[in-house]
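The values are calculated or read from the model by the stated rules, or taken from the named source; none is laboratory data. Only a predicted model underlies this, so the values are computations on that prediction, with no experimental measurement involved. Glycine gets a Cβ as well: all are built from the backbone with ideal geometry, and neighbour counts include every protein chain shown.
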Amino acid sequence: MKHILYLLLLLGPVAFAQPKHLTVKEFLKLSTKDTTSYVVSGVVTKTGSSSRGSFYLKDRTGTLYVYGIKDPADASRSFRQMDIVPGDTVSVLGRFTIYNETTKEMKDGRLLSKSNGPDHDIPFAERIDKPMSFKGKAGNEAIDAFREWVEAQVVAPEGVSGKIQVGFVVGRNGGVQEVQILRSSVPSLNEQVMNIVKSSPKWKPSKLDGSPLRTNVRVTVKI
């Protein structure tokens, strides 16, 4: 045992290999047989799916699609919580892959560092290219139009009145999803109102950087 300790002292501290840093062009030339993770740095030019954590990363040599990213310090943080927006400079660690035999991309990404770009502090609502719309009305007017559409279909017993607050999601395809009653003063009408909301015609979803967004909506229906 003493001999082993003495040998370790002679060898000194063990140096651990650091991930290799590649340019986008070098990364895109990798083989799918290479399972090593590499570091790529650049500026975010466009964000994709917030649920999957995807975005486009550009350096002086080209543009890379990063599909799925996590924060190694806190794997529970969502892409939205990482607050990555176009213009930010990031370094990511991940493996090369080819999706569907056509798209070269980075998968299993890990966010190593991020510095905010000049437009980072613009409110999210102002970064949206196009607000969601319903029956030709956009933004807040769309929510008012939807509320009126729901109210016109509610059939309430004589003398019954009150308010029901409904929460739902307008999906990327414009469909209404995840309908739930948030607050109600007339519980007997909850199921009817939920069914009406679920039967909603499709919306036109909001868009950010040209890509459709999932949007949370709250509407208070007056009975």
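Annotations
- When each of VAL39, VAL66 is tested for being β-branched (Val, Ile, Thr), touching a Leu at 6+ places or on another chain (Cβ under 9 Å), under 29 Å from PRO212 (Cβ atoms) and at pLDDT 75 or above, the lone residue that passes is VAL66.
- Any hit, the stretch 83-106, residues being in contact with a helix residue (DSSP H, G or I) (Cβ under 9 Å, 6 or more places away or on another chain), at pLDDT below 80 and of a type in the set (D, E, K, R): no
- Every pair of residues 6+ apart whose Cβ atoms lie under 8 Å, when the first sits in the stretch 195-220 and is in the same structural domain as GLN153 (by TED's automatic domain parsing) and closer than 12 Å to VAL170 by Cα while the second is among the polar types (S, T, N, Q) and surrounded by 18 or more Cβ atoms within 10 Å (Cβ to Cβ): TRP203/SER133; LYS204/SER133; PRO212/SER206; LEU213/SER50; LEU213/SER206; ARG214/SER50; THR215/SER206
- Filter result (among the small types (Gly, Ala, Ser), surrounded by fewer than 16 Cβ atoms within 10 Å (Cβ to Cβ) and modelled with pLDDT of 80 or more) within the stretch 42-63: GLY62
- Residue within the stretch 90-107 that is aromatic (Phe, Trp, Tyr) and closer than 20 Å to VAL39 by Cα present: yes
- For the stretch 78-96, the condition of being in the same structural domain as VAL43 (by TED's automatic domain parsing), surrounded by fewer than 16 Cβ atoms within 10 Å (Cβ to Cβ) and part of a strand (DSSP E or B) holds for at least one residue.
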